[in-house]
Amino acid sequence: MAFASASGHGNLPNGNFSPVIYSKQVQLAFRKAAVCDQITNSDYFGEISNMGDSVRIIKEPEISVKGYTRGTVIQPQDLDDEDFSLTIDKSNYFAFKVDDIEEAHSHVNFANLASDRAAFRLADQYDQDVLGYMCGYKQSALHSVADTVNTTVNGSVAVSTAGTDELLSSMKLEADDFGGSSGSSIGIKARAGNDSATVGSGNAYVLQVIARMARKLNQQNVDTNGRWIVIDPIVQEILQDEDSRLFNSDFGGSGLTNGLVLNSLHGFKVYVSNNLPSIGTGSSTTGGTNASNYGLIVGGHSSSVATAEQIDKTESYRDPDSFGDIVRGLHLYGRKILRPEAIVTAKINLV
């Protein structure tokens, strides 16, 4: 772009001396925080290397306790060796090209810049898929949150009473858990303002919902150490409106903080994510309980779901059809619900 000139100025009239300055500071896209690696069991990471690999996981055998009196003949029981598989059945890739001429004249390293973005996109897709799976939902398209009920069992269910989404119906909170209709979402009522809706009839305060989720896990004898909950920004905002209730010793001492992890709440380590399932218009939908527009939050124990993932291949090679380099990478992963009794979900939307 040429600089403006004073009237009558004739030196270098076209302004072609004017430099165009490109900044080496690149505007990076915002990153969403990934949480799956922090809430799942990744002990099987080192046992995979290729697409289709399976890890056979032996279930803990059940032991019977029998009464004993003097002279009782001890009859040892046979141990069950029931198992199930964690299969590496998911894969995604990236590939991009950097032309030699573009590289020679570029003011930034596009290969490094694009590789960094590709790594984030792979992790984001992984997070969306795994969080959806843990909630009983699946994606209808890549790079979007899960929005469709999952009806396909990944291998075999870990517990015979689990549904086709591999979860237990008794661990799914809906409006009927708070006096509403089965199949509808829980209407989340904020304490600050909006006092027109009554608690009950499917509506509840967010702390009531989280307390009920904790109770469900307690009734399943789930260890209190290692519990987590993933909430969306809508629920986070309502929790922050709870004010001083989150600053006393019952809630971890220092209150809610910005960022990935929030303080312990009702025994849960709290994470915030934009990658939770969203059905219809999601959890921000107002109007109380809803059967077609809602979001989900999920809580559980770190042993409830196993994940295994790795960047299997990253390589750079010369493009045979042009003068440039192609960079590509392959991400492999698998996920399996091991303990459905240690996962609890809640359908929610705003009142």
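The values are calculated or read from the model by the stated rules, or taken from the named source; none is laboratory data. It should be emphasised that the depicted structure is a prediction, and the values quoted were computed from it without experimental measurement. FYI the Cβ positions are ideal-geometry reconstructions off the backbone, even for glycines, and counts take in every protein chain you see.
Give me a count of the residues in segment 302-322 that are surrounded by fewer than 24 Cβ atoms within 10 Å (Cβ to Cβ) and at pLDDT 90 or above.
Of the residues in that region, 6 qualify.
Counting only residues that are among the polar types (S, T, N, Q) and under 30 Å from Asp124 (Cβ atoms), which one in segment 38-80 is modelled with the lowest pLDDT? Reasoning before the result, please.
Keep residues of segment 38-80 that are among the polar types (S, T, N, Q), which gives 38, 40-42, 49-50, 54, 64, 69, 72, 75, 77.
Cutting the leftovers down to under 30 Å from Asp124 (Cβ atoms) gives us 38, 40-42, 49-50, 54.
Working: Gln38: 91, Thr40: 94, Asn41: 90, Ser42: 84, Ser49: 64, Asn50: 74, Ser54: 80.
Of everything passing the filter in segment 38-80, Ser49 is modelled with the lowest pLDDT.
How many residues, within segment 320-331, are charged (D, E, K, R) and under 36 Å from the mean Cα position of the chain (by Cα)?
Here is the first cut: in segment 320-331, the residues charged (D, E, K, R) are 321, 325, 328.
So of that shortlist, the ones also under 36 Å from the mean Cα position of the chain (by Cα) come out as 325, 328.
Within segment 320-331, residues that are charged (D, E, K, R) and under 36 Å from the mean Cα position of the chain (by Cα) number 2.
Could you please give the count of residues in segment 323-341 that are buried (at least 17 other Cβ atoms within 10 Å of the Cβ) and outside any loop (DSSP other than H, G, I, E, B)?
Looking only at segment 323-341, we keep the residues that are buried (at least 17 other Cβ atoms within 10 Å of the Cβ), and these are 327, 329-341.
Adding the requirement that they be outside any loop (DSSP other than H, G, I, E, B) leaves 327, 329-337, 340-341.
Qualifying residue count for the region: 12.
Pairs needed: first member in segment 99-114, of a type in the set (Val, Ile, Thr); second member anywhere, at pLDDT 75 or above; C-beta distance under 8 Å; at least 6 residues apart or different chains.
Ile101/Phe323
Of all residues in segment 81-124, count the ones that are surrounded by fewer than 16 Cβ atoms within 10 Å (Cβ to Cβ), at pLDDT below 85 and within 18 Å of Phe323 (Cα to Cα).
9
Restricting segment 200-233 to residues that are part of a strand (DSSP E or B) and in contact (Cβ under 8 Å) with a residue 40 or more places away in the chain, which is surrounded by the most Cβ atoms within 10 Å (Cβ to Cβ)? Lay out the reasoning, then the answer.
First, the residues of segment 200-233 that are part of a strand (DSSP E or B): 200, 203-205, 227-231.
Still in the running and in contact (Cβ under 8 Å) with a residue 40 or more places away in the chain: 203, 227-231.
Values: Asn203: 20, Arg227: 23, Trp228: 21, Ile229: 25, Val230: 25, Ile231: 29.
Looking at the filtered set, the residue picked out is Ile231.
Just to be sure, is Thr285 buried (at least 22 other Cβ atoms within 10 Å of the Cβ) and either part of a strand (DSSP E or B) or touching a residue at least 40 places away in the same chain (Cβ under 8 Å) (or both)? Please lay out each step first, then the result.
Values: buried (at least 22 other Cβ atoms within 10 Å of the Cβ): no; either part of a strand (DSSP E or B) or touching a residue at least 40 places away in the same chain (Cβ under 8 Å) (or both): yes.
Taking the combined requirement at face value, the residue does not satisfy it.
Conditions first: (1) modelled with pLDDT under 85; (2) touching a helix residue (DSSP H, G or I) at 6+ places or on another chain (Cβ under 9 Å). Phe247 passes all but one, so which condition is the exception?
With (1) modelled with pLDDT under 85; (2) touching a helix residue (DSSP H, G or I) at 6+ places or on another chain (Cβ under 9 Å) applied to Phe247, the lone miss is (2).
Checking the condition in contact with a Phe, Trp or Tyr (Cβ under 6 Å, 6 or more places away or on another chain) and either surrounded by fewer than 19 Cβ atoms within 10 Å (Cβ to Cβ) or not in a loop (DSSP other than H, G, I, E, B) (or both), which residue from Ser156, Ser181 passes?
Values: Ser181 fails: in contact with a Phe, Trp or Tyr (Cβ under 6 Å, 6 or more places away or on another chain).
After ruling out the rest, the residue left standing is Ser156.
Scanning for something in a loop (DSSP other than H, G, I, E, B) and under 16 Å from Ser304 (Cα atoms), does segment 129-142 turn up at least one residue? Spell out how you get there, then give the answer.
Taking segment 129-142 and keeping what is in a loop (DSSP other than H, G, I, E, B), we get 136, 139-142.
Subset that is under 16 Å from Ser304 (Cα atoms): 136.
Yes - at least one qualifying residue is present in segment 129-142.
If Asn290 passes every condition in (1) more than 17 Å from Val35 (Cβ to Cβ); (2) surrounded by fewer than 21 Cβ atoms within 10 Å (Cβ to Cβ); (3) not aliphatic (A, V, I, L, M) but one, which one does it miss?
(2)
Using the structure shown, decide if Val159 is in contact (Cβ under 8 Å) with a residue 24 or more places away in the chain and over 22 Å from Arg215 (Cα atoms).
Details: in contact (Cβ under 8 Å) with a residue 24 or more places away in the chain: yes; over 22 Å from Arg215 (Cα atoms): no.
The answer is no for Val159.
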